[in-house]
Amino acid sequence: MRAIGDLASFMLSSRFQASLRSSAEFAAQAATTGLASDKARHLGGATMAASLLDRKAVLLEQHQRGIAEAALFAGATQSILGRIQDQTEGLTKNFALVSQLTHGSDFKTLSNSASEVFIDTVNALNSEIAGRHLFSGTDTQTSPLPDGAAVLDRLRSDVAGASSAQDLMNAIDTWFDAPGGVFETDAYQGSQTGFMTLPLSNSDTATFGLRADDDTLRDTLKALAKASLAADDGLGLAASEQAKLLRQGHFELVQSDRNLTEERAILGLTEAMIDATRIATESDLARIASDRLSLIGIDQFEAASEFEAAQQQLEVFYRIAARQSRSSLAEYLR
């Protein structure tokens, strides 16, 4: 009988200890968050409104992640376009001096500079953020173009038969612009239709409407290509023909610079929409937090007092249990 009584006493003691721990944990959570741990008890079972607020908060937090991703992509795209524009503007200033140059070595220097910018521009268009390519349209897992040096080498090989500046300009225009031509079929590897889109909310979507095969970017690459191949050793054009190509490259870069500015302005509108959606989402979350607090908020001072009381009870319980354990051991040894 005594053994059964000891077991019952132990079970009651364990249950009381668990209850005290649970009370301390709930009180600590309530004191920290300012919200009732047991919502159903606090609301008398009427938890529908609180559950709806929780679901809205989860959905808005998902939107927040989409907004952050869209902001990252928009910022990266703007940065890349800015880099391309800065480099092409620098070339444009140098090309403006072509009419004053007479030596082939000067033309060669300008042509080499254009080659470097061409390669860097192509590689910039191949940039990816968080595993997604920015200028491939919907096919974000595929790089839109080969390496910049490879593209220039392929172009150089395909126009090798040109014997004058006009022939070379025509060949380059065809290479880039012909429907089903080399650029569309062999160079550009992204999606032919559609653009990358990211949801921002139930009603708003950010669309990134610039692919590497867009006319604006093609025209930029085309202008750079003409300047890059102007003084190419394999073509062996006369200095006067090289000057024509450099002047044409200068003229086309000025035109493409305006188009790039327009594209960046459009992207700026997208950035503004993303930011406005971010602010609205943060405002909605703040309002939901306020509504939740009005429903299941508690007095944190009272919760802290309950936590202290539960802690004191636990300490008393442990001291009593320790004394009983020592007493039992002494009786056993006798």
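What follows draws every value from the coordinates through simple rules; no lab data is involved. Predicted model, so just to flag it, every value in this text is computed and none were measured. For neighbour counting, all protein chains shown are included, and Cβ atoms are generated from backbone atoms with ideal geometry for every residue, glycine included.
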Item to check | Charge sum, other residues only, whose C-beta stays under 10 Å from Leu200's C-beta, Lys/Arg counted +1 and Asp/Glu -1 | outcome: -1
Checklist entry - Under 5 Å between amide H atoms, partner at least 5 residues away or on a different chain: which partners does Ala206 have, H built in plane at 1.01 Å? => result Leu198, Leu200
Checklist entry - Once Rh is set to the Kirkwood radius over Cα pairs, what Stokes-Einstein translational diffusion coefficient, in µm²/s, holds for segment 56-115 at a temperature of 10 °C and a viscosity of 1.306 mPa s? => result 106 µm²/s
Checklist entry - Going by how many other Cβ atoms sit within 10 Å of their own, how do Leu155, Leu245 line up, fewest first? => result Leu155, Leu245
